[in-house]
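Asks: Before we start, here is the structure in question, set down as structure tokens.
The values are calculated or read from the model by the stated rules, or taken from the named source; none is laboratory data. From a predicted model like this one, the values you see are computed outputs, not experimental measurements. When we count neighbours, we look across all protein chains shown, and the Cβ atoms used for this are built from the backbone with ideal geometry, even at glycine. Keep in mind that these areas ignore ligands, DNA and RNA; they rest on the heavy atoms of the full protein, side chains included. Shrake-Rupley method; radii C 1.70, N 1.55, O 1.52, S 1.80 Å.
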Amino acid sequence: MSAKSKPPTPAELRAAQNKTVPDVIGPGLKVLFCGINPGLYTAAIGHHFGRPGNRFWPTLHRAGFTPRLLDPSEELELLPLGYGITNVVARATVGADELTNDEYVTGGAALREKVLAFAPNYLAVLGIGAYRVGFARPKAVIGLQPEPIGETRVWVLPNPSGLNAHYQGDDLVKVFRQLREAAG
């Protein structure tokens, strides 16, 4: 937890079910990062990747996307750096396992429209499973994907949740850094 925000109460967490978190987005982005969906903690505080223990912000910094470690409450500082954040599915849940395949497919279609409208250089989907289902690419692997969306190249990264044991800190930084080097 950051010194800038207090943790949500149990009542605030319950009230966050199905809430959304506004996108951090604009034209001319180098990379639009795309989470699976907001967790309750994130929705309760209103800032992406807000749960303590989520490795998104430390990984962004360690991979060279940000000049310092940002707090989730500073998410708008990403825009002048050329980065943004959205989600495949907008509604908050306790866990991504509560989402249906239909929600991923519907979210993937909405995300395509958003990408076509804003045209970031890269869309970085943070979760291989969400990408495979939402974009009907069941054999997709981590890294640059062969199919762009319009002119936007698509890169799949591991989910930075602390629950993702497949990628430890240094490994997560390594794959994020590959995208940063490609994106310039």
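Asks: So, in the stretch 1-27, exactly how many residues are touching a residue at least 60 places away in the same chain (Cβ under 8 Å) and not hydrophobic (A, V, I, L, M, F, W, C)? Before you say what the answer is, go through the steps one by one.
Replies: From the stretch 1-27, those touching a residue at least 60 places away in the same chain (Cβ under 8 Å) are 2, 4-5, 16-21, 23-27; that's our starting set.
Next, from what is left, pick out any that are not hydrophobic (A, V, I, L, M, F, W, C): 2, 4-5, 17-20, 23, 26-27.
Residues in the stretch 1-27 being touching a residue at least 60 places away in the same chain (Cβ under 8 Å) and not hydrophobic (A, V, I, L, M, F, W, C): 10 in total.
Asks: Within the bounds of the stretch 56-72, is there any residue that is among the acidic types (Asp, Glu) and modelled with pLDDT of 95 or more?
Replies: yes
Asks: Follow-up question, since we're still on this one. Filter the stretch 69-105 down to the residues that are surrounded by 15 or more Cβ atoms within 10 Å (Cβ to Cβ) and of a type in the set (S, T, N, Q), then identify the one that is nearest to Gly35 (Cα to Cα).
Replies: Of everything passing the filter in the stretch 69-105, Asn87 is nearest to Gly35 (Cα to Cα).
Asks: Of everything in the stretch 112-149 that's over 17 Å from the mean Cα position of the chain (by Cα) and within 20 Å of Glu98 (Cα to Cα), which residue is least open to solvent (accessible area, probe 1.4 Å)?
Replies: That would be Ala136.
Asks: Mind checking which residues of the stretch 41-68 are outside any loop (DSSP other than H, G, I, E, B) and open to solvent by less than 30 Å² (accessible area, probe 1.4 Å)? Spell out how you get there, then give the answer.
Replies: Start the filter on the stretch 41-68 by keeping residues that are outside any loop (DSSP other than H, G, I, E, B), which leaves 41-45, 56-62.
Tyr41, Thr42, Ala43, Phe56, Trp57, Thr59, Leu60, listed by residue number.
Asks: Taking Asn101, is it in contact (Cβ under 8 Å) with a residue 12 or more places away in the chain, farther than 27 Å from Arg177 by Cβ and polar (S, T, N, Q)?
Replies: On the way: in contact (Cβ under 8 Å) with a residue 12 or more places away in the chain: yes; farther than 27 Å from Arg177 by Cβ: yes; polar (S, T, N, Q): yes.
Judged against the criteria, Asn101 is a match.
Asks: Next question, about the same structure. Would you pick out the residues in the stretch 104-122 that are assigned to a helix (DSSP H, G or I) and among the aliphatic types (A, V, I, L, M)?
Replies: Let us first name the residues in the stretch 104-122 that are assigned to a helix (DSSP H, G or I), namely 104-118.
Across the stretch 104-122, the qualifying residues are Val105, Ala109, Ala110, Leu111, Val115, Leu116, Ala117.
Asks: So if I check each of Ala136, Ala165, which one is at pLDDT 95 or above, small (Gly, Ala, Ser) and in a loop (DSSP other than H, G, I, E, B)?
Replies: Details: Ala165 fails: at pLDDT 95 or above.
Exactly one residue qualifies, and that residue is Ala136.
Asks: Can you tell me which condition Pro27 does not meet? The list is (1) outside any helix (DSSP H, G or I); (2) open to solvent by less than 70 Å² (accessible area, probe 1.4 Å), and all the others hold.
Replies: For Pro27, the failing item is (2).
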